[in-house]
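Before any comments, here is the structure.
The values are calculated or read from the model by the stated rules, or taken from the named source; none is laboratory data. The model shown is predicted, which means the values in this text are computed figures rather than measured ones. So basically every Cβ, Gly included, is an ideal-geometry build from the backbone, and we count neighbours across all protein chains shown.
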Amino acid sequence: MTDYAPLTLHVPEPAVRPGGTPDFSSVGVPRAGSVARPEVNADPESIRDLAYSIIRVLNRDGKAIGPWGGLLSDEELLEGLRHMMILRTFDARMLMAQRQGKTSFYMQHMGEEAVSCAFRKALLPGDMNFPTYRQAGLLIAAGYSLGDMMCQIYSNERDPLKGRQMPVLYSSKEDGFFSLSGNLATQYIQAVGWAMASAIKNDTKIAAAWIGDGATAESDFHAALVFASTYKAPVVLNIVNNQWAISTFQGIARGGSGTFAARGLGFGIPALRVDGNDYLAVHAVAKWAAERARRNLGPTLIEYVTYRVGAHSTSDDPSAYRPKTESDAWPLGDPVIRLKNHLITIGAWSDERHKQAEAEVLDTVITAQKEAESHGTLHAGGKPSVRDMFEDVYAEMPPHLRWQRQQAGV
Amino acid sequence: MPRKTMIEAIRDAMDVMMDRDDNVVVFGEDVGFFGGVFRGTQGLQAKYGKSRCFDTPINESGIVGAAVGMAAYGLRPCVEIQFADYMYPAYDQIVSEAARLRYRSNGQFTCPLVVRMPTGGGISGGQTHSQSPEALFTHVSGLKTVVPSNPSDAKGLLIAAIEDPDPVIFLEPKRLYNGPFDGHHDRPITPWSKHELGEVPNGHYVVPPGKAIVRRQGAALTLLAYGTMVHVGMAAVAETGVDAEIIDLRTLLPLDLETIEASVRKTGRCVIIHEATRTSGFGAELSALVQETCFYHLETPVRRVTGWDTPYPYAQEWDYFPGPARVGRALLETMEQ
């Protein structure tokens, strides 16, 4: 006989389920400007508190406050706003295209536009991102062709990836955008390897790894942090915490860790949390981490605190697992509106100009879409060749594949 | 010509390639200062520096994942997984990443990567130091799989693998490292220095992947083997007197089907031998191919001699291992049918 009570299993639950009242009281939101900005060569031990706070620049009045602000000119901010507007419009058009059957699948960024758009501006030509499926802003902010993105989504005759990949799994080496896998976390350690290669070759390029809150539970996340820590790889390790991994709330992956950023502390990696819906804060933190990498000071872990407003993909319905009004209650607001309000506050923008810009952006996206659709959509018009299915498995086609291609009649 | 053990030949291949190409880097568990638990990388760190040959954390997925990133950057990593049995955490990186990168990016990114793994049994290693997982790799599109059977081939094949533009799985039968083991575990070891295939040319040379070699000409039967089993097959043939043609496949994928086909058409009989488990083993693929291409030339059913479909045992190793006695019985039975 034992004196102990029977054991029970702890399974974390989100604060609220459908039908309940959204509650984000657990997300402590510090005042904008209240978090210090250490030197990039600060001893990681001395800045451990940054893993538990949230770095913010834009306050509720649209003002940029504190030590992380002031890095971007008005022109750069206007460009950032335009990138986010393009991404949001692009998403809306592609969601509609999916509903119209022009593609089978799409993943939107609603609410998370600032993360990838602002991060991209901290990189230099030659740097390499190892993205997940919700960082198309990296391509848009790099000036990649909207039409090429759409042709990939439509798997048409102009698809740069020849119909081999599901929609949104882009690849563009020229734009520092590594081929998307579709498997989770695998690319995190690859980014570390790429960065190690840059160091081995005494190059100056850096890498950026991307992962979502849910996939931090994968073993490859741990592998990446061990390798990055051991070899002080010039890599920025990004975690986009958008609160939801399909239907699973972030607490299932986070477990007993206070924050996702805090995972870096055990590895001696400087870890920062940042307001992911604040374009200025995202850019400033990305710049700080990139600077560390470029100065050979090693990796930095960044957690972007944000919210996935839409569904995970066109294949799920969030109302089945979270309150419909949850996104309205998200305390960090909308990244596009916040930057717009800031630009109006500093006198660089106006509601009228914003309306006009919205119309221009829509026109740009629709023009690209029409051009892309003239080359086909998933079930109509131009398609990639079946012959292409057999190419690029190897640099040189081995005999068994040549035989199989003949059998396929192509 | 100098004679070398197989592990010396493998080390020599990496040495030659590291000397020729700054982009070749070598790493893995215990690989750096110590030179690997089988000494495959001994001296390379001292010669080429710590940034080109180094120890890694014990994390196979990390080793291969980092190597994929390095290969995408433009390096040519040649990494070691300490035992093929430890490969499984890296399988996702090998299958979903290394093997797919060229295809999914339409050639924008490629993965010239070699994953070396000591494989096979015969060293009292039990289930975690004896496995032969080659069929797990030949089943994956985008990979090449190589299994050398001697020092001379090992060096030329490894050089070819490092120069290959695509990922290559390089399985090293560890029981062959020090001598041409023929399955007679109760006899003294024959060293490579007494074997003609222990002659390893100096410098750079290539044994091209996808080319099998006839180790023994014969008219009665075709014996398909690779790695350690080439030597087991030679012993079985010598002991039974069956005039078998022994083909050492050397590369499982791409496979030299032409050489196999020509031999089976000539002999009309085929026995396939491997250490790995039987069901869905590479022998099943070979058997299907022989049937598809040589059916009307076959006098008897294609026969397989393999490891049993059990985990690799410890104390019963030599009841598990398909040694010369079992192979010999299969040869005689095939001739009597």
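Brief remarks on what is shown
- Exclusive hit being under 24 Å from A:Leu146 (Cα atoms) and more than 14 Å from chain B (Cβ to nearest Cβ), set A:Leu378, A:Leu343: A:Leu378
- Only one of B:Leu157, B:Leu171 that is under 12 Å from the mean Cα position of the chain (by Cα) and in a strand (DSSP E or B): B:Leu171
- Single match in B:Glu285, B:Glu258 (criterion: surrounded by fewer than 17 Cβ atoms within 10 Å (Cβ to Cβ), within 14 Å of chain A (Cβ to nearest Cβ) and of a type in the set (D, E, K, R)): B:Glu258
- Residue tally, condition touching a residue at least 60 places away in the same chain (Cβ under 8 Å) and crowded, with 16+ Cβ neighbours inside 10 Å, over segment B:200-209: 2
- All told, B:Ser51 meets the bar of being at the interface with another protein chain (Cβ under 8 Å from one of its Cβ atoms), surrounded by fewer than 24 Cβ atoms within 10 Å (Cβ to Cβ) and in a loop (DSSP other than H, G, I, E, B).
- Residue within segment A:255-269 that is in contact with a Gly (Cβ under 7 Å, 6 or more places away or on another chain) and at pLDDT 95 or above present: no
- Selected residue (criterion: surrounded by the fewest Cβ atoms within 10 Å (Cβ to Cβ)) from residues of segment B:240-255 that are closer than 20 Å to B:Val168 by Cβ and aliphatic (A, V, I, L, M): B:Leu255
- Complete set of residues in segment B:155-179 that are of a type in the set (Phe, Trp, Tyr) and within 14 Å of chain A (Cβ to nearest Cβ): none
- Single match in B:Ala135, B:Ala161 (criterion: surrounded by fewer than 24 Cβ atoms within 10 Å (Cβ to Cβ), in contact with a strand residue (DSSP E or B) (Cβ under 8 Å, 6 or more places away or on another chain), at pLDDT 95 or above and of a type outside the set (Asp, Glu)): B:Ala135
- Number of positions in segment A:118-137 that are in a loop (DSSP other than H, G, I, E, B), more than 14 Å from every other protein chain (Cβ to nearest Cβ) and of a type in the set (Phe, Trp, Tyr): 0
- When A:Asp392, A:Asp388 are screened for being modelled with pLDDT under 95, within 14 Å of chain B (Cβ to nearest Cβ), out of contact with any Asp or Glu (no Cβ under 9 Å at 6 or more places or on another chain) and surrounded by 14 or more Cβ atoms within 10 Å (Cβ to Cβ), only A:Asp388 passes.
- Subset tally (residues that are within 13 Å of chain B (Cβ to nearest Cβ) and either of a type in the set (S, T, N, Q) or within 32 Å of the chain's Cα centre (by Cα) (or both)) for segment A:395-410: 3
- Segment A:81-107: number of residues that are crowded, with 21+ Cβ neighbours inside 10 Å and either within 18 Å of A:Tyr279 (Cα to Cα) or not assigned by TED's automatic domain parsing to the domain that holds A:Met150 (or both): 7
- When segment A:218-248 is limited to residues that are under 18 Å from A:Pro323 (Cβ atoms) and assigned to a strand (DSSP E or B), the one that is nearest to the other protein chains (Cβ to nearest Cβ) turns out to be A:Ala245.
- Condition check for B:Gly233: out of contact with any Gly (no Cβ under 8 Å at 6 or more places or on another chain) and not assigned by TED's automatic domain parsing to the domain that holds B:His139: yes
- The set of residues from segment B:10-30 being crowded, with 21+ Cβ neighbours inside 10 Å and within 14 Å of chain A (Cβ to nearest Cβ) comprises B:Met18, B:Val24, B:Val25, B:Val26, B:Phe27, B:Gly28, B:Glu29.
- Residue tally, condition within 20 Å of the chain's Cα centre (by Cα), within 14 Å of another protein chain (Cβ to nearest Cβ) and part of a helix (DSSP H, G or I), over segment B:94-130: 3
- Any chance B:Tyr88 is farther than 16 Å from A:Phe130 by Cα and either modelled with pLDDT of 95 or more or facing another protein chain (nearest Cβ under 7 Å) (or both): yes
- Residue check, A:Ile189 away from chain B (no Cβ under 13 Å), among the β-branched types (Val, Ile, Thr) and touching a residue at least 12 places away in the same chain (Cβ under 8 Å): no
- Single match in A:Gly182, A:Gly147, A:Gly251 (criterion: more than 9 Å from every other protein chain (Cβ to nearest Cβ) and touching a helix residue (DSSP H, G or I) at 6+ places or on another chain (Cβ under 9 Å)): A:Gly147
- Being assigned by TED's automatic domain parsing to the domain that holds A:Tyr304, in a loop (DSSP other than H, G, I, E, B), in contact (Cβ under 8 Å) with a residue 60 or more places away in the chain and closer than 30 Å to A:Ala142 by Cβ is not true of A:Gly70.
- Any hit, segment B:281-302, residues being closer than 20 Å to B:Gly122 by Cβ, among the hydroxyl-bearing types (Ser, Thr, Tyr) and in the same structural domain as B:Arg326 (by TED's automatic domain parsing): no
- Among the residues making up segment A:203-214, those that are closer than 25 Å to A:Lys287 by Cβ and more than 8 Å from chain B (Cβ to nearest Cβ) are A:Asp203, A:Thr204, A:Lys205, A:Ile206, A:Ala208, A:Ala209, A:Trp210, A:Ile211, A:Gly212, A:Asp213.
- On inspection, B:Val79 does not qualify as in contact with a Pro (Cβ under 8 Å, 6 or more places away or on another chain), outside any helix (DSSP H, G or I) and within 22 Å of B:Asp21 (Cα to Cα).
- The residue that is nearest to the other protein chains (Cβ to nearest Cβ), among those in segment A:152-166 that are within 14 Å of A:Gln369 (Cβ to Cβ) and of a type outside the set (A, V, I, L, M), is A:Gln152.
- Residues that are surrounded by fewer than 23 Cβ atoms within 10 Å (Cβ to Cβ) and either among the small types (Gly, Ala, Ser) or under 19 Å from B:Glu172 (Cα atoms) (or both) within segment B:261-282 comprise B:Ala262, B:Gly268, B:Thr277, B:Ser280, B:Gly281, listed in sequence order.
- Test for B:Ile63: is it within 14 Å of another protein chain (Cβ to nearest Cβ), part of a loop (DSSP other than H, G, I, E, B) and either crowded, with 24+ Cβ neighbours inside 10 Å or touching a residue at least 24 places away in the same chain (Cβ under 8 Å) (or both): no
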